[in-house]
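Notes for the one structure printed next.
Nothing in this text is a laboratory measurement; each read-out follows from the coordinates by a stated rule. As the structure is a prediction and not an experimental result, all values here were calculated from the model. Ideal geometry is used to build each Cβ from the backbone, glycine not excepted, and the neighbour counts take in all protein chains shown.
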Amino acid sequence: MIDDDDPLEPELREAARAYHEPPGEPPRDRMWQAIAGRRAADRLRRERGSRRWLVAWAAGIAAVLAIGVGIGRLTVRPPAPSEPTQAAPVAGAPRREDLTAYRVAAAEHLGQAEVFLTLFRASVHRDAQERLASSTARHLLATNRLLLDSPASGDPRLRLLLQDLELVLAQIAQLNPARGDEDLQLIREGLDDGVLVRLRAAVPAGTVVTPRQGAL
Amino acid sequence: MDERVLIARVQAGDASAERELYDAHVDRVYRLVYRLAGDADQAQDYAQEAFIRAFERLGDFRGEAALGTWICAIAVSVALNGLRKIKRLRAREVDIDGAIGLGSTRREAEPDLKTRLADAIEGLPDGYRAVFVMHDVEGYTHEEIGQVLGVQPGTSKAQLSRARAKLRRTLADFAKG
């Protein structure tokens, strides 16, 4: 085992073997308990950290939405007093044109999300791809939140799908390549649990996925 | 069991696989860090830290060396860093003791060869000492030492040769006596 052309003298070699000789068996179980304890504590700390991150994200998105709604209210002109008031819609109920615009916007968003998640699922093993994915997921997350908050979002099935999609997108948005496969496994499970299948079912065949501007 | 399968199970969060991996390598890791530290508590700390880091970084393991060698590399790095800190701390303590007139540690009796050799090994630079301990005490090959310490086998050989020469010089008067 030892490859040597200048060996130690026998008496030195003998003395060297006694150098810091371990006394008996290593304390395997005691060390394992300490290792398992530390690992569990680290996992808990990471989970708490990611939850805090998610809350911060949600707060950020809420702030952006609030500013957007404020700007919208300031810039939309009120109807002229001379216009007939008989045909005015019931307060709070979306108009037919709004519903149509909402459906178009939702279909396009779901189409984009489907393409993104399909590509993401196939290419998660590269760090650069993950960084790109995180940035795209953040954009989709913002649109997803707008769709969920829209007064036209009356369809309970669509709302449920958007809520599940939000969870997956939030996980991708906060994906940390340093954490290895743990996060990716959770996301894959989320996708495999049916989000992708439901997305495909919800996106009408032939939907053209294009960048969208101000549909909401 | 195939090492790759075990690694995949650990990465998937299988706690029993972590324990299997630990059981497979703990004796070698503990033995090595004990040889470097010479203290049971420190050896435990270094071995534990090495396994925690190994589990955290298992995704970085590329299989270029054996898994055991990779874990030993982490363990040696942890141990040498820990020992350097302790050495710095002790040096400060000795300075303070010297300043206030304490610390008379001169041996009364002439030490035997084992004690003299142990003192001489302690006096080696960290790199030489690690190579000497791994090769002449624990029986690692230069290829294994190279993988553990991140150096070429030739560098390991050269360091071992210098370590032995230094030890022989330090123990020369003992050999004459």
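Net charge near A:Pro27, counting Lys/Arg +1 and Asp/Glu -1 over other residues with Cβ under 14 Å of its Cβ?
On the way: positive: A:Arg28, A:Arg30, B:Arg31; negative: A:Glu25, A:Asp29, B:Asp23, B:Asp27, B:Asp39, B:Asp41, B:Asp45.
For residues surrounding A:Pro27, the net value is -4.
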For all pairs of alpha-carbon atoms in the range B:107-172, what percent lies in each bin of width 5 Å, listed from the first bin to the last filled one?
4, 19, 28, 22, 13, 9, 4, 2, 1
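Across chain B, where is the longest run that never hits GluC sites (Glu not before Pro) in a DSSP loop with at most 14 other C-beta atoms within 10 Å? Please list the in-between numbers first.
Details: sites that count: B:Glu64, B:Glu108.
Excluding the exposed sites themselves, the longest stretch runs over B:109-177.
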Report, to the nearest 10°, how far helix B:67-99 tilts away from the longest principal axis of the Cα atoms in chain B, using its own Cα long axis and a range of 0 to 90°.
30 degrees
Phi-based couplings in Hz for the range A:29-37 (Karplus 6.51, -1.76, 1.60; Gly and Pro marked x):
5, 4, 5, 5, 4, 5, 5, 4, x
List the residues of the range A:132-161 whose backbone N lies under 14 Å from a point placed 7 Å from the Cα of A:Trp57 along the Cα-to-Cβ direction.
A:132-145
Restricting to Cα atoms and excluding each atom paired with itself, what does the Kirkwood estimate give for the range B:1-103 in Å?
15.1 Å
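If each residue's Cβ is checked for other Cβ atoms within 10 Å, how do A:Arg188, A:Arg48 rank with the fewest at the top? Don't skip to the end; give the middle numbers.
Values: A:Arg188 15, A:Arg48 10.
Ordered from fewest to most neighbouring Cβ atoms within 10 Å, A:Arg188, A:Arg48 come out as A:Arg48, A:Arg188.
Please arrange B:Thr69, A:Thr100 by counting, for each residue, the other beta carbons lying within 10 Å of its beta carbon, fewest first.
On the way: B:Thr69 18, A:Thr100 12.
In increasing order of surrounding Cβ atoms, one gets A:Thr100, B:Thr69.
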Would you mind checking the tilt of helix B:113-122 against the longest principal axis of the Cα atoms of chain B, expressed as 0 to 90 degrees and rounded to 10?
70 degrees
Separation of the B:Asp41 and B:Glu122 label points, Cα + 7 Å toward Cβ, nm
1.7 nm
Exposed loop sites here are trypsin sites (Lys or Arg not before Pro) in DSSP loop states with at most 10 other C-beta atoms within 10 Å. What is the longest stretch of chain B lacking them?
B:108-177
